[in-house]
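These notes concern the structure reproduced below.
The values are calculated or read from the model by the stated rules, or taken from the named source; none is laboratory data. None of the values given here were measured: they were computed from a predicted structure. Cβ atoms come from the backbone with ideal geometry, glycine included; neighbour counts cover every protein chain shown. Only protein heavy atoms, including side chains, enter the accessible area calculation; ligands, DNA and RNA are left aside. Shrake-Rupley method; radii C 1.70, N 1.55, O 1.52, S 1.80 Å.
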Amino acid sequence: MPILTNQLTCNMKTTDSALNLVIALSMSLFFSACNRDDSTVIAGPVPDHPRILLLKGEEAAVKSGMTADPYRKIIHDMIINECNSILSKPPVERVLIGRRLLDKSREALKRIFYLSYAYRITGNKAFLDRAEKEMLAVSAFTDWNPSHFLDVAEMTMAVSIGYDWLYGSLSGNSRTVIRDAIINKGLKPSFDSKYNSWLRATHNWNQVCNAGMTYGALAIWEDDSALAASVVKRAEESILLPMEDYKPDGAYPEGYGYWGYGTSFNVMFISAYEKAFGKKFETPLTESFLKTTCYMVNMTGPTGQCFNYSDNGSGAGLHPAMFWLASRLGEYSVLYEEMKFLGRMKSVSDRLMPAIMIWGAGLNTSQVKPPEKLMWTGNGKNPVALMRTSWDDPYALFVTLKAGSPKVNHGHMDVGSFVMESQGVRWAMDFGAQDYNSLEQKGVNLWSMTQNSQRWEVFRYNNFVHNTLTVNGQLQRVDGKAEIISSSSGQAFMNAVTDMTTVYNDQLSAAKRGVAIIDKKYVIVRDEVKPVAGNKTVRWTLLTSASASVTGPSTAELTKGDKKLVIKVTQPASVTMKTWTTEPPHDYDAPNPGTILVGFETVIPEGTTTAIEVLLIPGNVNVSDAAGKGELKMWPVTK
């Protein structure tokens, strides 16, 4: 299926066609069968070493790129500085944190990738010697912790890059030791059913593990081509499962941080595959996969923080994979936020950073302009709407809306939640995840996603602490899913509406939420709800790190420094304004200093649909100029 790169822009929108796992698996097998005479057949021999990402002689293009555009020279110098600091550190040791070796695998990947790059570009033998020392150290580990296979995947990628890139300069003994470790501690455990459930996963585990195993296969191809070919063929088919989850618009179900993990390793797989076999990895899923650039550029607000729904922190940063995606897409405005991050960087920490020197080789920063559209909506497993009033004004309004379901991998009970920024302040925030090990060490069953699982007792994970509704103190329904049913990008009334009814099954017979930016001045959050039976007490909450105070029977005020935000309830007439502490109830919960919940409670009578309308008015806007805009069915819709 050809990629229509000139038609793929952040302005596209298609119909939601997200599929369940069984259908996705069937389709992946179908796609692989259909393409056996095209993109999914391994044809011809692989190149000699180095064959992963950067072939022999391609160093010249990387070097020339440093003079063509200043940002590449800046990144290169940062990588070299980091390599110099590595030289004085002890090699990576096999020390687990809880059940994970992952931080050591990631450190090994960073060190070996950086050092191998530095040697290939500069020829400094100190970098070669230290990379060899790191590879021998981790090759001597008893294992790479296959019970948590992400650890194996990243370690295999690390050692495979070093082995391949430095092959001609390693001693014969080192080659043998490192090659045997790749095969016995990386590739072979991936065929053990105790460890390879990730092959059937639709989330980041699949992407990371298939990428790591493919790097191992490419590294040792000439030594065991049958094993290597079976690994690559398996990855070609399996990795289509998570790629299915980008349909139809590119919204990544697991959120910003896990996009940085899963998508980056998916790109690492595709880039290495294409370089080694000399052809594109192209399937009917490629189009929606490339659209994820639009999702990513719109996920960062003017404050530089991301929309951190589900298990994601609010920190945002540079993603090398965006440079590969933008190049393949032929659309460089999607790098607008990446260039901001790059401009603020003082040092490098991303373990995949050398890849940006390869993927960005043909890019000039003058090509990167702001996206044309101020709003982006994406459907799929976790639909989102992302709105702003400007790309280049740090004081611009930014508001989001999350639909979807709590049962999505890494999900929270955050359906209907939003973040909101104005005047350079994030007023409505999200805690994101708590450190997994801190919960696991206290015996919390964190990974069960059933309605009554312990996961939903964790303070940060349930709807009580998100910017959404709680009905009669009950949890949202895990088996429900909210869709975005309408939206408009008109600058006078930019909005999106979601139907959350199934997420409040047995509580509400109807539940819709709309979020809008009016005249680029203020925000409306409007809910229309109808109880299933009996009167219901509905709690409306907003989580903030600002100071909060109730200022009237239907108003509250947030302040941070000399900035303020007014919260004004226009409907219903009778509400009880409140603030709630964010001190958690369990000893396993993380503390939440400097935060507070603000909002109100109201009783919704049985048998009627009641409107709950809240205006969020920045301090630079006259409160009297802000007003509601009527029923959700009257809100404008852009076809």
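Enumerate the lysines that Lys373 could reach by cross-link, defined here as Cα to Cα under 25 Å, with residues fewer than 8 away along the same chain left out.
Lys13, Lys247, Lys291, Lys340, Lys381, Lys402, Lys520, Lys521, Lys629, Lys633, Lys639
How many Å² of accessible area per residue for the chain, probe 1.4 Å? Could the numbers behind the result be given before it?
Working: 22470 Å² over 639 residues.
Spelled out: the 1.4 Å probe surface of the chain, per residue, equals 35 Å².
Please identify the GluC sites (Glu not before Pro) of the range 200-299 that satisfy two criteria: DSSP loop assignment and at most 13 other Cβ atoms within 10 Å. Which are they? Write out the running numbers ahead of the final one.
On the way: sites: Glu222, Glu236, Glu237, Glu244, Glu254, Glu274, Glu282, Glu287; in loops: Glu222, Glu254, Glu282.
Sites meeting the loop and neighbour criteria: Glu222.
In the structure displayed, which of Lys133/Lys185; Lys89/Lys133; Lys110/Lys133; Lys56/Lys279; Lys110/Lys369 lie more than 20 Å apart, Cα to Cα?
Listed pairs above 20 Å: Lys110/Lys369.
Rounding to the nearest 10 and keeping the result within 0 to 90°, find how far the Cα-based axis of helix 102-122 lies from the longest principal axis of the chain.
Its long axis makes an angle of about 50 degrees.
What angle, in degrees between 0 and 90 and rounded to the nearest 10, separates the Cα long axis of helix 70-86 from the longest principal axis of the Cα atoms of the chain?
Tilt of helix 70-86: around 70 degrees.
Whose amide H sits under 5 Å from the amide H of Ala482, counting only residues 5 or more places off or on another chain, with H placed in the peptide plane?
So Ala482 has HN proximity to Gly404, Ser405.
Where does the chain land on Rg/Rh, using Cα atoms and the Kirkwood Rh? Intermediate results must be reported in sequence, preceding the final value.
Details: Rg = 25.4 Å, Rh = 25.7 Å.
Across the chain, the Cα-based Rg/Rh ratio is 0.99.
At most 11 other Cβ atoms within 10 Å and a DSSP loop assignment: could you name the trypsin sites (Lys or Arg not before Pro) in the range 331-387 that fit? If you can, show how the numbers build up before the last one.
Working: sites: Lys340, Arg344, Lys346, Arg351, Lys373, Lys381; in loops: Lys346, Arg351, Lys373, Lys381.
Here the sparse-neighbourhood loop sites are Lys346.
Along the charge dipole of the chain, Cβ charges K/R +1 and D/E -1, which of Val497, Gly561, Ala533 sits furthest on the positive end?
With unit charges placed on the Cβ atoms, the residue in question is Gly561.
Mind checking which lysines have their Cα closer than 21 Å to the Cα of Lys188? Skip sequence neighbours fewer than 8 apart in that chain.
The qualifying lysines are Lys104, Lys233.
Pull up the cross-link candidates among the aspartates and glutamates for Lys568, meaning alpha carbon to alpha carbon under 16 Å and not fewer than 8 places away within one chain.
Partners within reach: Asp527, Glu557, Glu601, Glu613, Asp625.
Quick check: at a probe of 1.4 Å, how many percent of the accessible area of the range 162-310 sits on carbon and sulfur atoms? Walk me through the intermediate numbers first.
Values: 1690 of 3440 Å².
Heavy-atom surface of the range 162-310 belonging to carbon and sulfur, 1.4 Å probe: 49 percent.
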